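Below: the structure, in structure tokens.
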Amino acid sequence: MTFDLAVLTAYVPALLHGFVDTIWLCVLSGALACALGIALVVGRRRGSRLLVVLIDGYVALTLALPLLVLLYVTFYVLPDFGLLLPASVVGVLTLAIYYAPYVAQVIQAAIDAVPAGTIEAGVAIGMSPLAIGRRIVAPQALPLLLPTLTGLMIGLFKDSALLSVISVHELMFTAKGVVSDTYAPLEVYFAVALVYWATTATLNHATRQWERRLALAHGVALER
Amino acid sequence: MWLDPQVIQSVPSLLDGWMLTVELTLLGAAGSLACGHLALAMQLTRIAPLRWLARLYISFMRGTPSLVQLFMVFFALPLIGLGGRPMLAAALTLGLNSGAYTAEILRGNMRVVTRGQIEAATALGMAPWLIALRIALPQMLKASLPALVNEFTILLKTTPLASAVAVTELVYAGQMVIARIYTSTQIMLLVSAGYLSVVLPVIWLGRRLRQRAPSTMRGT
């Protein structure tokens, strides 16, 4: 067996296409997960007792179940109830459902870290709730929130490779197709790993820069 | 629909899958601890290439999907004459992948061991390896325990990936049953319950450790 990356040249466009699909899936499910995460935080704070119990149950379940199991549950169980969705929709929804509780945890922790006194001071000098959110809570919470949140999004990006098992067309699924064409699994998966690696490294780097800029702009001292 | 006799008949094969999942988790955890300690030790040496290798390993394992890693290991094993062993590939991948996180956890808790202790041990004439073994490691492990338990729940939640290389762990066992009897909902619920039966106690243990951790963990 030889290791020859040249076999891949003909498949570069296909793999790139798969990569673009992966990015789209991740952007969609990431945005959905954030929206759902915010809804969970608000629901736990403002909701009725029943809603809080429901949210807690949902959070406990998703934190305990493997993503793949959740994926199969939605993939196999929804059709039993007459709901036949395309694989990509099931994939995006499942990723969002799986990551929303983590997003909620991160948001909750960041909000909790804002000293209550600063908000009370804002109220005392007659600032509107919107202004308090924008000028007091956000500048203090965002530098705490962003690194962990982008960490989660990087996790989501890596986990999106799992969607290939329910045949969602993304990078990993394309890679499997290329493997069955070329019989060169090592080369293909090596190249695919490099693509994922480069992307996560870029995201990591960008986050660190962003974090530094935010901290400088708001004069908040960073740990580490 | 409920208590379909076919579903009841499939329980033994699901239990076999459950056992294999637990086995995979334990093997992965052992591998994770081994790789984690090795990677940490490599990062602490004076030999620069070893340090770079450890950084590269950690960055790669944390930066790529575990599914991709699994396929790489699965297709690389035949090169060293160990082809056709999906269980080995899965356990090895889990250990290698989780080891990178374990190394980071251990490194993060190194500051628990204060300089004064090392100096005191040196003054008593202890050899560096003895200091690492008897003074640094026990304290680091103790401080890392809650984070390590958390890491092992993540490891446990990664084991279903092994189904992608046809290891008959819980998810794969469930899929085989579904393919045979065509009732997916009940089987998937049983599979989920199987995971909950392992994950929930581990999460509970982690929470208890975290609560009990306070003052002794902080170091000074």
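Would the stretch B:46-54 turn up any residue that is in contact (Cβ under 8 Å) with a residue 60 or more places away in the chain and either more than 10 Å from chain A (Cβ to nearest Cβ) or not aromatic (Phe, Trp, Tyr) (or both)? Checking the stretch B:46-54: not a single residue is in contact (Cβ under 8 Å) with a residue 60 or more places away in the chain and either more than 10 Å from chain A (Cβ to nearest Cβ) or not aromatic (Phe, Trp, Tyr) (or both). Among the helices (runs of 4 or more DSSP H) confined to the stretch B:138-220, there are none with at least 1 residues that are more than 10 Å from chain A (Cβ to nearest Cβ), at pLDDT 90 or above and touching a His at 6+ places or on another chain (Cβ under 7 Å).
Consider the stretch B:38-69 and keep the residues that are at pLDDT 95 or above and either of a type in the set (Asp, Glu) or not in a helix (DSSP H, G or I) (or both). The one that is nearest to A:GLU170 (Cα to Cα) is B:PRO65. Would you tally the residues in the stretch A:63-98 being under 16 Å from B:LEU190 (Cα atoms) and either more than 10 Å from chain B (Cβ to nearest Cβ) or of a type in the set (D, E, K, R) (or both)? Counting residues in the stretch A:63-98 that are under 16 Å from B:LEU190 (Cα atoms) and either more than 10 Å from chain B (Cβ to nearest Cβ) or of a type in the set (D, E, K, R) (or both) gives 1. Restricted to the stretch B:161-189, and to residues there that are surrounded by fewer than 19 Cβ atoms within 10 Å (Cβ to Cβ) and of a type outside the set (Phe, Trp, Tyr), the residue that is nearest to B:LEU24 (Cα to Cα) is B:ALA166. Only one entry in B:GLY83, B:GLY95 is assigned to a loop (DSSP other than H, G, I, E, B) and closer than 30 Å to A:ASP4 by Cα, namely B:GLY83.
Kindly indicate the residue of the stretch A:144-184 that is among the charged types (D, E, K, R), assigned to a helix (DSSP H, G or I) and touching a residue at least 40 places away in the same chain (Cβ under 8 Å) and also farthest from A:SER29 (Cα to Cα) among those meeting that condition. Looking at the filtered set, the residue picked out is A:ASP181.
Annotation note: Cβ proximity below 9 Å between a residue of the stretch B:62-87 that is more than 11 Å from chain A (Cβ to nearest Cβ) and a residue that is surrounded by fewer than 18 Cβ atoms within 10 Å (Cβ to Cβ) and not aromatic (Phe, Trp, Tyr) (sequence gap 6+ or interchain) occurs for B:LEU82/B:LEU88; B:GLY84/B:LEU77; B:GLY84/B:PRO78; B:ARG85/B:LEU77; B:PRO86/B:ALA166; B:MET87/B:GLU23.
For A:THR200, the conditions (1) surrounded by fewer than 16 Cβ atoms within 10 Å (Cβ to Cβ); (2) out of contact with any Leu (no Cβ under 9 Å at 6 or more places or on another chain) all hold with the exception of (1).
The set of residues in the stretch A:99-125 that are crowded, with 17+ Cβ neighbours inside 10 Å and either touching a residue at least 40 places away in the same chain (Cβ under 8 Å) or within 14 Å of chain B (Cβ to nearest Cβ) (or both) comprises A:TYR99, A:ALA100, A:PRO101, A:TYR102, A:VAL103, A:ALA104, A:GLN105, A:VAL106, A:ILE107.
Residue count for the stretch A:92-131 satisfying the condition of being more than 17 Å from A:ALA35 (Cβ to Cβ) and in a helix (DSSP H, G or I): 14. Residue count for the stretch A:106-137, restricted to those that are closer than 25 Å to A:THR202 by Cα and not β-branched (Val, Ile, Thr): 1.
The single condition from (1) crowded, with 20+ Cβ neighbours inside 10 Å; (2) under 26 Å from A:LYS176 (Cα atoms) that B:TYR57 fails is (1).
Has the stretch B:5-16 got any residue that is in contact with a helix residue (DSSP H, G or I) (Cβ under 9 Å, 6 or more places away or on another chain) and either outside any helix (DSSP H, G or I) or more than 30 Å from B:ILE181 (Cα to Cα) (or both)? Give the derivation first.
Just the residues of the stretch B:5-16 that are in contact with a helix residue (DSSP H, G or I) (Cβ under 9 Å, 6 or more places away or on another chain), to begin with: B:6-7, B:9-11, B:13-16.
Imposing the further condition that a residue be either outside any helix (DSSP H, G or I) or more than 30 Å from B:ILE181 (Cα to Cα) (or both) reduces the set to B:10.
Looking for residues that are in contact with a helix residue (DSSP H, G or I) (Cβ under 9 Å, 6 or more places away or on another chain) and either outside any helix (DSSP H, G or I) or more than 30 Å from B:ILE181 (Cα to Cα) (or both), one finds at least one in the stretch B:5-16, hence yes.
Six or more apart or on different chains, Cβ atoms under 6 Å: show the pairs whose first residue is in the stretch B:100-113 and farther than 14 Å from B:LEU44 by Cβ and whose second is among the hydroxyl-bearing types (Ser, Thr, Tyr) and assigned to a helix (DSSP H, G or I). So the pair list comes out as B:THR102/B:SER32; B:ILE105/B:SER144.
The values are calculated or read from the model by the stated rules, or taken from the named source; none is laboratory data. All values reported here derive from a predicted model rather than from experimental measurement. All Cβ positions, even for glycine, are placed from backbone atoms using ideal geometry, and neighbour counts span all protein chains on display.
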